[in-house]
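Written below as structure tokens is the structure these notes are about.
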Amino acid sequence: MKIDKLEKTGFDKNNIINYGNMFLVGNGHLGYRGTYEEYTKEQMVSLNVVGLYDKYKKSWRESINMPNPFKVLVKCLDESFSILENEPVYNYQSLDLEHALFYRKTEYKELTIESERFIPFIDQNLILFKYTITANDKDLSLNIKLGTDTDIYEINGPHFRTKKLLHRGKKIEFRGRTNELRRVSEINQYIFNAKEIEYDNGMFSFNLELKENGKYDIYCFSTIIENGDLDIDIPKYLVSSYKRIKNAHFKDLENKWKIAHIELKGDEHAQFALNYSIYHMLILGNERFETSIPARGVSGQVYKGAIFWDTEIFMVPFFTLTNPKVARSLLKYRINTLKGALAKAKEYGYDGAFYAWESQDTGLEACSKYNITDRKTGKPIRTYFNEKQIHISADIVYAFDKYVQVTSDHSILDDGGLDVMKEVAKFFISYSKLDKGKYHINDCIGPDEYHERVDDEAFTTYLAKYAVDTCIKYMDDIDLKNKFKEFSENIYLPKLNDYNIIEQFKGYYKKEDVKVEDVRLRLSDENDYWGAEASKTRVIKQADVIALLVLLNNQFNKDVFKANFDFYYPYTEHGSSLSSSMYSIIASLVGYSDIAYDMFIKSATIDLDGKKKEWAGGIYIGGTHPASNAGSYLSVVFGFAGLILKDDGYTLNPNLPDKIESLKFKFIFNNKIQNICINRDNTYVITEEDL
Ligand code: BGC
């Protein structure tokens, strides 16, 4: 297994924010953007904590960022060695995807700066930094400023209503109390040699005499703790601790890759993009946390650090197949937040569990009623994602069902999974309206968010029935079972028309028949919110009926896949990064292997060089795109390899794109490792081994 690094040379100020996302490191709990030590909040330095949220006044509640533990500024006389002010002779940065290690090297004539950082999985709350200065061709007298920057980059902050900095020796302790009165601390232990050290407001300052070719190292161990008694909890770290923790971290990552890695022989570009996608999954999956994975991973506060259907429909399947313990902890999050879903249903007058469209620690709804602002006027636009995107509850049941199918771990059902299913079933029944003997699910929004408040939405109704049927499959209670059966047998499902097409919602065919480019021309700016124009037309934001066909592939045949692909493809904007992987999978299943390949590449390169939306109207929505990363994995496994999961096993129906000579991957099914090897002619060999 060879996993190339992500590497970039040179420096372009316009890439700072983008590289911050691209070179992200994390461990599913903490995330640190790929920024440089001299950067400030202007360059979006952020140490993001998953699972800790705060609300400042009336602004959106979001995940919190901590102070930057490792700010370094180097000066020689009056010359500053900050890349923002001083152009280097050579600049390089890399992300070791195999070991989740960030590295940077900036060379000036006089000196070279190198730094690295990683966030281990072994110690959940820790992040480690190393910074090295080398004097190049003469002795140097330097001044170093080093420490903790409490001027935090925040979108809807400030989140710390009180901030206290304590300083003892080479240790700096930040104690913050959020607006919601949570006590969060960051303790930063620095290791460096200096004679006279001054300290001011989080920053050490000292002079350094560096001999020609001499090297000078600085280390930092930063620990984030909630409600901790820091002096008791934190060990004293040494330089040897850095090496020890780094070695263990490397081994840990190598183990994670063992099952997750996929070999795409003959296509280096695709291989690299897929490795990069899998890297992003690996730095997000942490079985020890039940805080789930936000839509922008650990890259910051965009989308409020909230959890969407992205997790259950895209990411959970990746973990179910490669690391079921992580999948289990992601599902546990939904069990733990059932209370919030029950409360939301009650608030809107329904029974059961109405999961939050944007969910945080409590499971209460974090999605604003005005989730988008008009780019030109700055006026908030009323959206109904919160109240009407009800498919989220069914998506959660779907993820539980697939997890149980693949792992045979029925204990998740006793641990609360079955309660989730029952409450979701009750919710859909109470949401539906009985009309001429049929239960209709009206006034909702499918994955295509451009058409709000529509009736008989295909994705939603099919998934709602699936959720109720899944509950029936696992439960014993006869009375409840009968009630659910009556609903399931009589729910109205949009039918296939004479051409095998499923109408996305009632009245969709009557919408203006224009294509994506026509709507684009109607916008005054690419960053305008598309929904306003697209809603009048057949143009959709993302895979909707196509997503339904992917999820419920057992219920439809190839003719249906093909007819719907042909029909919806020209109308799909792919305005969400979640769209292209779904199209890739169906394209593979109908034999459109070139499109399948292109859509896979689009999904896998979203954060590398892919085109993505950074703005929705006036709201910044940049960051990493883990659902798209997971989607590229699914495009290969469910698309190229044609894996179909069933209650009694699985089947493969490969269709390799031309560029790929062979495909090899592993997944865990029923506690055994499945080794899959698919040849160019789509013949394949499966071998099984013990875990
Ligand atoms: C998409 C949603 C997705 C959300 C978070 C939106 O743009 O339409 O489907 O859940 O982004 O990724």
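Nothing in this text is a laboratory measurement; each read-out follows from the coordinates by a stated rule. As the structure is a prediction and not an experimental result, all values here were calculated from the model. Reconstructed Cβ throughout: ideal geometry from the backbone, glycine too, with neighbour counts over all protein chains shown.
Angle of helix 391-407 to the longest C-alpha principal axis of the chain, folded into 0 to 90 degrees and rounded to 10: 80°.
Can you tell me what percent of all Cα-Cα pairs in the stretch 82-204 are more than 24 Å apart? Considering the stretch 82-204, 45 percent of its Cα-Cα pairs are separated by more than 24 Å.
Arranged by the count of other C-beta atoms within 10 angstrom, fewest first, what order do T362, T9 take?
Fewest-to-most Cβ neighbours within 10 Å comes out as T9, T362.
Residue order for H410, H574, fewest other beta carbons within 10 angstrom first, comes to H410, H574. Cβ-Cβ distance of K195 and K164, R₀ of 35 Å, FRET efficiency by 1/(1 + (r/R0)^6): the value works out to about 0.80. Measuring nothing but how far apart in sequence close Cα pairs (under 8 Å, 6+ apart) lie, relative to its length, the chain scores a relative contact order of 12 percent.
Dividing the summed -39500 (n - 2.57) terms of all DSSP H runs of n ≥ 4 by the residue count of the chain sets its mean residue ellipticity at 222 nm at -9000 deg cm²/dmol. Note on D414 and D78: their simple-model spin labels are 7.5 nm apart, each label 7 Å out from Cα toward Cβ.
Residues within the reach of a label modelled at E688 (point 7 angstrom out along Cα to beta-carbon, backbone nitrogen below 16 Å), restricted to the stretch 643-663, are 645-652. For D448, D78, the sequence from fewest to most other C-beta atoms within 10 Å is D78, D448. Within straight-line reach of K481, meaning a Cα separation under 16 Å, sit the following lysines at least 8 residues removed in sequence or on another chain: K422, K426, K465, K473. Stokes-Einstein diffusion for the stretch 548-618, with the hydrodynamic radius set to the Kirkwood value over Cα pairs and evaluated at 25 °C in a medium of 0.890 mPa s, equals 191 µm²/s.
The modelled label-to-label distance between S662 and Q124, using points 7 Å beyond Cα along the C-beta direction, is 4.2 nm. Stretching the chain fully between I673 and E7 yields a gain of 236.5 nm (0.36 nm per residue, less the alpha carbon separation). Given the chain reduced to its alpha-carbon atoms as identical point scatterers, what log10 I(q)/I(0) does the Debye formula return at q = 0.07, 0.09 Å⁻¹? Each listed q corresponds, in turn, to -0.48, -0.78.
With N the number of residues in the stretch 552-691, Rg(Cα) / (2.2 N^0.38 Å) evaluates to 1.13.
All Cα-Cα separations within the stretch 1-111 were binned at 10 Å from zero, giving a P(r) of 12, 39, 32, 14, 3, 0, each value a whole percent of the pairs. Helix 558-568 and the longest principal axis of the Cα set of the chain meet at an angle near 70°.
Counting only alpha carbon atoms, the long axis of helix 239-260 and the longest principal axis of the chain meet at about 20°. Computed extension length for E489-K433: 18.7 nm, one decimal, from 0.36 nm per residue of separation with the Cα-Cα distance subtracted.
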